[in-house]
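Derivation of every value follows stated rules applied to the coordinates shown; laboratory data play no part. Here the structure is a predicted model, which is why all the values come from computation and not from measurement. Reconstructed Cβ throughout: ideal geometry from the backbone, glycine too, with neighbour counts over all protein chains shown.
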Amino acid sequence: MVRHASVRQYVTVHRGAMKLALPPNCKRSPVPHIRSSRPTSLYPAMRGGLIGRRWGTGECLRKYVLILLTFAALSPGCVDKSALLAKPPDQLVSQVQTLLPAAEKFVVRNQEKALRLGHPLTSKYLRIAKELGIDKADKIRIYTVHDLPAPQDQKLADAARALGYNSPDIVAYTYGYGIWIKDGNQDNNGVLIHELIHVRQAERMGLKEQIRQYLTQLFIFGYRQAPLEVEAYDGTTQYLRSASP
């Protein structure tokens, strides 16, 4: 999914955002650490979601995230979130497993609807998809809508709101080979390339594993620094740079 509204905005804002500073006391790891004076950039939950109330997936998740955020606040400059991702705490694994059935059903249903009602990639985006390394680019469908879908399952809907997944600023979601996109963004290079990279991730990982990984990453990193999103933002920026005259 992607929040930006134009190619120019994407290159200007997100290219700058990806110049991540590594705190001097942190060892470099495969996942970048963020040095920021704004703690809300670390977890959307701090803006009133998970920490502010008891929600559908249980008190244990609220306590887990609170502990994680407290550790982040007290740490001397960095949190090794890549280690958390490599070996998530049992409580987090349990909560992700609780959400998985509803999340898988939500994704599969929306992929099927996009494949049924959407239209194929234009020749331009078919070429880009193949250049990005997508094997079954012919299978991709673009489904243009006025409103993006939201989970009907209450626990999944609560998690989506708390983790910043269904922000009103988001203009597109990708479900397997189905790309849902808000009307007015279907010719936006930055948006479509970002979503095509999510298609490539689903091909590489398998759809169910991508869903599991994405949920886990949202809990640990928040939306913007989830490695699957970082890959999509970085990959889009690199492609747009290489395509510039």
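Using the number of other C-beta atoms within 10 angstrom as an exposure proxy, rank K87, K113, K81 with the fewest first.
Exposure proxy ranking, most exposed first: K87, K113, K81.
First obtain the Kirkwood hydrodynamic radius of the range 144-209 from its Cα pairs, then insert it into the Stokes-Einstein equation at 20 °C and 1.002 mPa s, and state the resulting D in µm² per second as a whole number.
In µm²/s, the coefficient is 167.
Among M205, M1, rank each residue by its count of other Cβ atoms within 10 Å, from fewest to most, as a rough exposure measure.
If I rank by nearby Cβ atoms, fewest first, I get M205, M1.
So what is the diffusion coefficient of the range 91-204 in µm² per second by Stokes-Einstein at 37 °C and 0.692 mPa s, using a Kirkwood Rh over Cα pairs?
Result for D is 223 µm²/s.
Could you work out the local net charge near R141, counting Lys and Arg as +1, Asp and Glu as -1, over the other residues with Cβ closer than 13 Å to its Cβ?
On the way: positive: K113, R116, K136, K139; negative: E112, D138, E195.
Result for the neighbourhood of R141: +1.
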